[in-house]
1. Which one of Tyr192, Ala103, Ala172 has its Cα pushed farthest toward the positive end of the charge dipole of segment 89-243, where Lys and Arg give +1 and Asp and Glu give -1 at the Cβ?
2. Report, for segment 17-152, the % of DSSP beta bridges that are antiparallel, rounded to 5.
3. Name the residues whose placed amide hydrogens come within less than 5 Å of the amide hydrogen of Phe67, ignoring near sequence neighbours (fewer than 5 apart) on the same chain.
4. Anyone know which of Thr212, Thr72, Thr13 comes out most mobile in the 10 Å Cα GNM of the chain?
5. Using the Karplus curve 6.51 cos²θ - 1.76 cosθ + 1.60 with θ = phi - 60°, work out ³J(HN,Hα) for each residue of segment 152-169 in order, rounded to whole Hz, and write x for Gly and Pro.
6. Taking the Cβ-Cβ separation of Phe120 and Glu145 as r and a Förster radius of 25 Å, what is the calculated FRET efficiency to the nearest 0.05?
7. Which loop-located GluC sites (Glu not before Pro) does segment 82-134 contain, where loop means any DSSP state but H, G, I, E or B and the Cβ has at most 16 other Cβ atoms within 10 Å?
8. Under the rule a/c < 1.5 gives rounded, and otherwise a/b versus b/c splits prolate from oblate, where does segment 82-125 land using the Cα gyration tensor?
Amino acid sequence: MHSILITNDDGITAGGLIRLAQAALEFGEVWVVAPETQRSAASHSISLHSHIDVFPHDFPVAGVHAFACSGTPGDCVRVGSLNIMPHAPDTVLSGINYGYNVASDIQYSATAGAAFEAAFQELRAIALSEDAVSDHAVTDAYLHEVLARLLEEEPFPGQIRNVNFPSCPLSACRGIRWNTKVSRGMIFRDHYNMLETLPGGGRRFMVEGELTQAAEEDTDFRAILDGFVSVGTVNNIGFPVIL
């Protein structure tokens, strides 16, 4: 049986986290240490110059030890594995994120960042994401198979397994594409809109992203566009691992 620590970047009340914890219980003892609020795009940041607070949380899945943390997802992995759990976990699961984490967008992802912190701690590290939609049929259908295989792999320091579930109907899902490479493209091509001018010559901007549909063959982004569950390996600087 595995000792599993779960975190995310959408916050401890997120549905994806709850579904992942429920699924993980079949594989071992489950602890959750997750941010108390939304912390998306925090990447691999940690708190060095301010304290973090950790409180027990009334989690909706029986049998899960759960705590809410004021810090980043990276903080959650650190304090969870070093202080909250009675012993270090053998596996850290990060997710299930509300929104894909593929291509160059991985570098901003706190879902991936938390997994990278686990890899830095020489723990098995798995990041899981799905499209930002309400239909979770594909994820729920393939989650057990993915976890069963990845939880038996040997951890490799500095590398994470990155899983993304497509948003197509379950009947259209074409299965799992294992060992995808990281696309060098981007899901969203961003620009900034100026909202208003500010006193003193300042300007206020808001980011806006335009969805792209271009991706190289055999990559994570191509896999989800083609209706496959994507499972790949990412090293600690976000470039593809040659398999």
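1. So the residue we want is Tyr192.
2. Of those bridges, close to 20 percent are antiparallel.
3. Val32, Val33, Ala34, His57
4. Thr212
5. 9, 7, 6, x, 10, x, x, 10, 10, 9, 10, 10, 9, 9, x, 9, 5, x
6. Efficiency for this residue pair is about 0.35.
7. Hits after loop and neighbour filter: Glu122.
8. Prolate shape, in that a/c is at least 1.5 and a/b is the bigger ratio.
Values quoted throughout were computed directly from the atomic coordinates according to the rules given, and no laboratory measurement underlies them. Everything quoted here is computed from the prediction, not taken from an experiment. Cβ sites come from the backbone with ideal geometry, for glycine too, and all protein chains shown count toward neighbours.
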